Structure formats: structure tokens, C-alpha cells
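The structure appears right after this line, and notes come after that.
Just so it is clear, none of the values below were taken in a lab; they were calculated from the coordinates. Since we're looking at a predicted model, the values are computed, not measured. In this analysis, Cβ positions are derived from the backbone assuming ideal geometry, glycine residues included, and neighbour counts consider all displayed protein chains.
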Amino acid sequence: MNTVAIVRDPIYLKHSNGPMHPEGPERLVTIDRMLSEFPLKAQLGDVPPRDATFEELAWIHEEAYIRRIESTKYSRFTVLDPDTSATSDSYAAAIRAAGGMMEATEAVLSGRFPAAFAFVRPPGHHAEAGQAKGFCLFNNIAIAAAYALRRHDLKRVLIVDWDVHHGNGTMHSFYDTKEVLYFSAHQYPHYPGTGRIDEIGWNQGQGYTINIPLYGGQGDQDYLYIFREILVPVAREYAPELILVSAGFDTHRNDPLAGMAMTSGAYGRLTGILRELTEECCPGRLALALEGGYDHNALTEGVAAVLRNLIDDRTRERDDVAGEETTTVAADGETRLVVQEVRRLLSPYWKSLSIEAGA
């Protein structure tokens, strides 16, 4: 049994995008309720968050943009883009969300915990250097990666993004560096419209962005196939010193904002793969940040499956939710074609993706 760090704070409930918005505080209320009844809750260790400093935010975001978000605390309600708004409490929540993910990262880098999960909001992976997008204000996962690089002098950080929406902000934050390997499997074309298969980075970062665009309808076996065929060999070759996860649960078949077909238990099996990679490459250095997930039952079941796998070795890659039928069909032909094309495009950068390696 392992003890897993979790990050929570009441301030995260005060941020709002407006009434009836899918990214509402109820998402965390349902997670808190699940955690209060979680059979393995004795293995969860609370790590208090902190506020990100202006300097830390500026590692990823433009100074004028940070001031713009700060100014929303003086207004009752501010519309930032068609999907994203802020209340007078949103700036306080957002800087503590970024700080909370940094504390989750510190918890694993310091060796206090072997894994951490930050239950923060607003989410972050759509936030660009100078623009709020897709329910996101500050890019929590990108700021945490920058923290690891700058404060712990790491040279190789792997970010795995399994949210159904492409993490445009995260990709753009590290598009020209090899210090961060960004991997995303996402529905495409779908919001935000980025994440094409040929977006592979540029200059020093060429080959260090891996996008797996999926047309929709993919289930458990498709994601497991993608992880095993692309992520695992590249990660082993890259040898990350830290693995961060943008953990969205909107790939679930019941999510109202997307069109994937994953079951709740699959999140545990994906976590099992990442745990194995962590143990092989960077033992005890795995931290997750909450991103999307808008069906509350699917969200809490998925989070529970992840936590079970992080805590108990016996659940690895076989985590099923009671009463839920697991999809067992093999990865479909379209998924295999995408994987084949990713191999073709990225084999010049990764020996593990060469035809000989994949044979």
C-alpha cells in the first residue's frame, strides 16, 4: 500500500463561470463526497496548497495577462472568452490552483509521497501565455513543469494529457524545448482545434510534442494500445525525471461534452501504465492535476479508479468499476492507422518508433 498526496482547498469552490456552466464547483463537491467514503482514504495524505507568486505565473504567462486576470477580483463577473469567465473570487482560486499543483509536484520531488493528485480548479491546460480559454485561467500543469525545471534543476519532464480536449496552452508553452516532452491523445477535430498529428514541435523542441488525434468513439482498448505502442517506448527512451498528468475524465462514454467511449476503470489501467513508467524512469515522481470531466458519476468513478491504482499495487491495469461493463474489443482500425502515422512522423526523432523497433 502506498500513501498518495492529495491537494484540496475550499477556495476552489468559489470560482464560477456562471450558472449552469459545465465546469462548476459541483465537480469538486462530488469528488469530496466520494473521498469521504473512499475505502482507502486512510492512504490519502492532505497536502495544503499555496498561492503561486507573480514570478511563478510569469514563467508561463505574459505579465499583462496576469494583471488582467488579477483585475477580475474587482468585478462581480467578467467574461474572458466565450467559454470562460471569472468572479471576484476567481483570481484567488486560480493562483492557489497553480500553487496547489506546484505543491503536489514538490510533494513527490521531495520524496514525501510516491504520487500526488491535485484536485484544483479552475483547470489549466487550455490557458495560453496571454489568453484565457476553455474554462482555464492559469496553466497549472505547465507552471508545475516550469517549477520542476527551475527550482529542482530537472532536465526532462514528461507531461501526459489524457483529457479529451487537446491541451493547446501546455503544448505551446514548451513547443520549442526538449526539456518537456508533451504527449496528448484527444478527440480531433474538436475544441480547441489544435493537436494535429503533424504538430511535433520546432527548433530544439522538434520531436518532443506527440499528438494523437482521434476522430471519436475510441474506448479502453484504443487508449491502452496508444499508450503501449507510442507513449511507453518513447518515455523509456526519453527517461523523464518527473511525470505530470493532465487528468481529464471527459473521455468517458457518458461525458456530455465529447464523443469518446472509455469506461471508468480504464483510467486506473492507464494509471497503471504510468506507474510502471515512473518506477522504471523516476521512482516516486508522478503527479496529476485535475482537468476536465463533466458527468459527475463518471468523474468520481474515474478519480477513484486512479487513486486505487496509485495506492494498491494489486489493482494495476485491472481496475474495474462494479456494475460497469469494460470494453474489451481490440483497438479499431482507425486508431491503428493514426499510430502508424505517428510512428512515421516521429521515427526520425525516436529510435523506439522505428519500423524495426515496432516489428
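Compare the peptides 61-67, 3-9, 225-231 by average per-residue count of other Cβ atoms within 10 angstrom and give them in order, highest first. Show your work: numbers first, answer last.
Working: 61-67: 15.7, 3-9: 22.3, 225-231: 20.4.
Answer by packing, highest mean first, reads 3-9, 225-231, 61-67.
Given a Förster radius of 22 Å and the C-beta distance between Arg50 and Asp153 as r, what FRET efficiency does 1/(1 + (r/R0)^6) yield to the nearest 0.05? Each step should come with its number before you reach the end.
Numbers: r = 21 Å, r/R0 = 0.95.
Step by step, r from the Cβ atoms, then E = 0.60.
How high is the relative contact order of the stretch 90-190, given as a whole-number percent (alpha carbon pairs under 8 Å, six or more residues apart)? Display every interim value, and only then the final one.
Values: 158 pairs, mean separation 23.5, N = 101.
The normalised contact order for the stretch 90-190 reaches 23 percent.
Which shape class applies to the stretch 1-120: rounded if a/c is under 1.5, otherwise prolate when a/b exceeds b/c and oblate if not, where a ≥ b ≥ c are the square roots of the Cα gyration tensor eigenvalues?
Numbers: a/c = 3.06, a/b = 1.45, b/c = 2.11.
Oblate shape, in that a/c is at least 1.5 and b/c is the bigger or equal ratio.
Going through the stretch 76-151, which trypsin sites (Lys or Arg not before Pro) have at most 14 other Cβ atoms within 10 Å and a DSSP loop state? Provide the component values of the computation, followed by the final result.
Numbers: sites: Arg76, Arg96, Arg112, Lys133, Arg150, Arg151; in loops: Arg76, Arg112.
Sparse-neighbourhood loop trypsin sites (Lys or Arg not before Pro): Arg76, Arg112.
Which whole-Hz couplings ³J(HN,Hα) result when phi for each residue of the stretch 244-257 is put into the Karplus expression 6.51 cos²θ - 1.76 cosθ + 1.60, θ = phi - 60°, listed in order with x for Gly and Pro?
Per residue, the Karplus-derived 3J(HN,Hα) values read 10, 10, 7, 8, x, 10, 8, 7, 5, 5, 9, 5, x, 9 Hz.
On a C-alpha basis, how far is the centre of the stretch 1-79 from the centre of the stretch 152-191 in Å? Whole number, if you could?
20
If you keep only loop residues by DSSP, which GluC sites (Glu not before Pro) in the stretch 1-55 have at most 16 other Cβ atoms within 10 Å of their Cβ? Show your work: numbers first, answer last.
Working: sites: Glu23, Glu26, Glu37, Glu55; in loops: Glu23, Glu37.
In loop regions of the stretch 1-55 (DSSP not H, G, I, E or B), the sparsely surrounded GluC sites (Glu not before Pro) are Glu37.
Residue by residue through the stretch 282-292, what is 3J(HN,Hα) from phi via Karplus (6.51 cos²θ - 1.76 cosθ + 1.60, θ = phi - 60°)? Round to whole Hz and write x for glycine and proline.
Using θ = phi - 60°, the values come out as 8, x, x, 10, 9, 9, 10, 10, 5, 10, x Hz.
Lys pairs in the stretch 4-358, Cα-Cα under 27 Å, at least 8 apart or on separate chains: how many? Spell out each step's value before the answer.
Values: Lys14/Lys41; Lys14/Lys73; Lys14/Lys133; Lys73/Lys133; Lys133/Lys178; Lys155/Lys178; Lys155/Lys351; Lys178/Lys351.
So the count works out to 8.
Tell me whether the chain comes out rounded, prolate or oblate; compute the Cα gyration tensor, take square roots of the eigenvalues as a ≥ b ≥ c, and use a/c under 1.5 as the rounded threshold. Kindly include the intermediate steps, with their values, before the conclusion.
Values: a/c = 1.36, a/b = 1.21, b/c = 1.13.
Rounded, because the longest to shortest axis ratio a/c is under 1.5.
Calculate the dipole size of the chain relative to its Cα centre from +1 charges on Lys and Arg beta carbons and -1 charges on Asp and Glu beta carbons; express the result in debye to the nearest 20. Mind dumping the intermediate values first?
On the way: 34 positive and 49 negative charges, 113 e Å.
So the magnitude is around 540 debye.
What residues have an amide H closer than 5 Å to that of Glu128, excluding those fewer than 5 places away on the same chain, when H is modeled at 1.01 Å from N in the peptide plane?
Sorted by chain and number, the residues that satisfy this are Lys133.
Taking 45 Å as R0, compute the FRET efficiency from the Cβ-Cβ separation of Arg344 and Gln43 and round it to 0.05. Write down the numbers at each step before the final one.
On the way: r = 43 Å, r/R0 = 0.96.
After rounding to 0.05, the efficiency reads 0.55.
Considering only DSSP beta bridges with both partners in the stretch 4-358, what is the antiparallel share in %, to the nearest 5? Present the calculation step by step, with values, prior to reporting the outcome.
Values: 6 of 38 bridges.
Roughly 15 percent of the DSSP beta bridges within the stretch 4-358 come out antiparallel.
Taking Cα pairs under 8 Å and at least six residues apart, what relative contact order does the chain come out at, in percent?
Working: 839 pairs, mean separation 61.8, N = 359.
Relative CO of the chain lands at 17 percent.
In the Gaussian network model of the chain, springs joining C-alpha atoms below 10 Å, which of Phe113, Phe183, Phe54 carries the largest mean-square fluctuation?
Phe54
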